[in-house]
1. Do we find that D178 is open to solvent by 10 Å² or more (accessible area, probe 1.4 Å) and either at pLDDT 95 or above or among the hydrophobic types (A, V, I, L, M, F, W, C) (or both) in this structure?
2. Across region 22-46, which residue is most open to solvent (accessible area, probe 1.4 Å) among those that are among the hydroxyl-bearing types (S, T, Y) and within 22 Å of G143 (Cβ to Cβ)?
3. Which pairs do you get when a residue that is in contact (Cβ under 8 Å) with a residue 24 or more places away in the chain, found in region 193-211, comes within reach of a residue that is among the hydroxyl-bearing types (S, T, Y) and in a loop (DSSP other than H, G, I, E, B), reach meaning Cβ atoms under 8 angstrom, with the pair 6+ apart or on two chains?
4. Out of the residues in region 149-163 that are surrounded by 12 or more Cβ atoms within 10 Å (Cβ to Cβ) and not acidic (D, E), which is farthest from Q186 (Cα to Cα)?
5. Where in region 47-147 are there strands (runs of 3 or more DSSP E), lying fully within it, with 2 or more residues that are modelled with pLDDT of 90 or more and open to solvent by 40 Å² or more (accessible area, probe 1.4 Å)?
Amino acid sequence: MKSILTALLLVFTVVGIQAQCRPATAAENEAYERVVKELQRQFTSKTPSGNWKVFDEKHSMGALEVTSEWGGFVHLCTDRYDLIMEKAEVAAARKAELDTLKPQTTTQPSLYVHRDTMYRENPNALIQRSLDTYSVSVEINLGNYRLQDTESARIVENSQTISVSGSPLAFEVRLKPDLEGALGRQETVVLLGGWRTKVVKVGQDIRYQPQFRKGGKLVENIVVTITAPVEIAREIVKQIDWKAIDATLVK
């Protein structure tokens, strides 16, 4: 009986969370799509040296859902824009290999790895992949940017602030290897919008907080995380017009 009650409680909790989400209004959709279209324009056309192409892209244009029940500001239930770029020669080699397979085995492998997931691969394979692919992940209307969060095992090995025109805060971050020895990850992070520059420390956790000047209307801040080797990330950061992206935010 106890397990049944627990299961019912879980169902009601999930339903309650889902019920908080609603279809975005026309104005909210316009605000979101204005930002995403500029992100697409910048990051798919301004790529580092080499022949790069889009491998995968995820956004919520046409299907945006939001909630205003968390923290008093409008939060996107599907609050990310994600882009994976890969070298054209890698795509061509993979396609050639898939073309030789039998129809029942031609499922294209996914290269997408969530930025909060530690890799558990052969280190050499990981290094090679980092040279062949990179990702851009954008979070929208965050209540915090968590540079280090011990609860989610996001532990920083080292970090440094960098200067990016149009951004109040930007970092180069190296995450620590996990306990099983998986390699740490290199991230370059650019914050746009109304962010307080003073760090907030809670125990071992390190975070930065935004200022919602317009009451949390869409879209007041974004956090752009580029997962790539430092040299590639620096080239991307230099090419992107960050002021153009910032201009799409609600002021």
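The values are calculated or read from the model by the stated rules, or taken from the named source; none is laboratory data. Everything numeric in this text was worked out from a predicted model, so none of it was measured. Methodologically, a virtual Cβ is constructed for each residue, glycine included, from the backbone with ideal geometry; neighbour enumeration extends over all protein chains shown. SASA here: full protein model, heavy atoms, side chains in, ligands and nucleic acids out. Shrake-Rupley method; radii C 1.70, N 1.55, O 1.52, S 1.80 Å.
1. When the stated conditions are applied, D178 does not pass them.
2. If we take residues in region 22-46 being among the hydroxyl-bearing types (S, T, Y) and within 22 Å of G143 (Cβ to Cβ), then T25 is most open to solvent (accessible area, probe 1.4 Å).
3. Partner pairs satisfying both residue conditions: Y208/T197.
4. Residue satisfying both the conditions and the ranking: T150.
5. Values: elements: 52-58, 65-67, 80-87, 133-140.
Per the criteria, 52-58.
Okay, residues lined up against (1) outside any loop (DSSP other than H, G, I, E, B); (2) under 18 Å from the mean Cα position of the chain (by Cα):
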residue	(1), (2)
G184	no, yes
L192	yes, yes
T197	no, no
K214	no, no
V219	no, yes
V224	yes, yes
